[in-house]
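The values are calculated or read from the model by the stated rules, or taken from the named source; none is laboratory data. From a predicted model like this one, the values you see are computed outputs, not experimental measurements. Neighbour counts run over all protein chains shown; Cβ positions are idealised from the backbone, glycine included.
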Amino acid sequence: MKKIYITIIFLFLVLNPLYSQLQYKHDQSFIPDFVVSQFAGYIGFVSSGVGYNFYDESLKLELLYGYVPKSAGGISIHMFTCRGSYSLSHYRTFSGFLFSPLNFSFFVNYARGNQYVLRWSPNYPKRYYRPTSIYTGESIGMSIKKSCENSIIKGYEFYGDVVTMSEYLYEYCKNETVTLKDIISLAFGVRFYFL
């Protein structure tokens, strides 16, 4: 539970300054800058959502819905994710692409369904089991973006990430039998920019 409180405080500290820039940037409207779709990466077999750019595209905030079909996960899973991504640097290539070689992301995910628990019943010892419906994760990756002129789509961006969940990372550090391949997932996605 302490982890959930720390995550909420962290999100408040991060989202509060972003909210003020969002008001300034979009004249008090919440029109997203882009739509995003992703394959894999612990936020669904496929996921889609909307996002906002901040600080000259160095910081992104995304809200996504992810789905895992029964054929892929044994049960149907619906997930909701809030993800923040930070790009350390951008490089313009000779052909007009914007290359970001090092992106860091942090996400909070809520999985919905009867098999997931936010609070355990009083029958279980207090703080013995962690909630199974909310978890956090981290990723590192890269992206490449191309701007479009005279089009409704102002640009498109392809990205790839190496993703892990915080619980998996904790177990990896604590348990010698857990290997790196046990805790990571690859994610690939695309963003289409409209603003």
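Taken together, Glu167, Glu171, Glu157 contain a single residue that is of a type outside the set (Val, Ile, Thr), in contact with a Lys or Arg (Cβ under 8 Å, 6 or more places away or on another chain) and assigned to a helix (DSSP H, G or I), which is Glu167.
Quick one: in segment 149-195, which of the residues that are small (Gly, Ala, Ser), surrounded by 14 or more Cβ atoms within 10 Å (Cβ to Cβ) and more than 17 Å from Val46 (Cα to Cα) is farthest from the chain's Cα centre (by Cα)? Top of the filtered list is Gly155.
Could you identify the single residue in Lys126, Lys146, Lys60 that is outside any helix (DSSP H, G or I), under 14 Å from the mean Cα position of the chain (by Cα), more than 16 Å from Phe45 (Cα to Cα) and without any contact (Cβ under 8 Å) to a residue 60 or more places away in the chain?
After applying the criteria, what remains is Lys60.
Quick check on segment 95-117. Is at least one of its residues surrounded by 14 or more Cβ atoms within 10 Å (Cβ to Cβ) and farther than 23 Å from Val190 by Cα? Yes, segment 95-117 contains a residue that is surrounded by 14 or more Cβ atoms within 10 Å (Cβ to Cβ) and farther than 23 Å from Val190 by Cα. Applying a threshold of 6 Å to beta carbon distances and a minimum spacing of six or more residues, or different chains, the list of pairs starting in segment 159-178 at a residue that is over 23 Å from Lys60 (Cα atoms) and ending at one that is hydrophobic (A, V, I, L, M, F, W, C) and outside any helix (DSSP H, G or I) reads Glu171/Val178; Tyr172/Val178.
Among the residues of segment 78-106, just one is charged (D, E, K, R) and either closer than 16 Å to Lys60 by Cβ or under 17 Å from the mean Cα position of the chain (by Cα) (or both), namely Arg83. Could you please find all residues in segment 87-116 being among the hydrophobic types (A, V, I, L, M, F, W, C), at pLDDT 80 or above and out of contact with any strand residue (DSSP E or B) (no Cβ under 7 Å at 6 or more places or on another chain)? Those that are among the hydrophobic types (A, V, I, L, M, F, W, C), at pLDDT 80 or above and out of contact with any strand residue (DSSP E or B) (no Cβ under 7 Å at 6 or more places or on another chain): none in segment 87-116.
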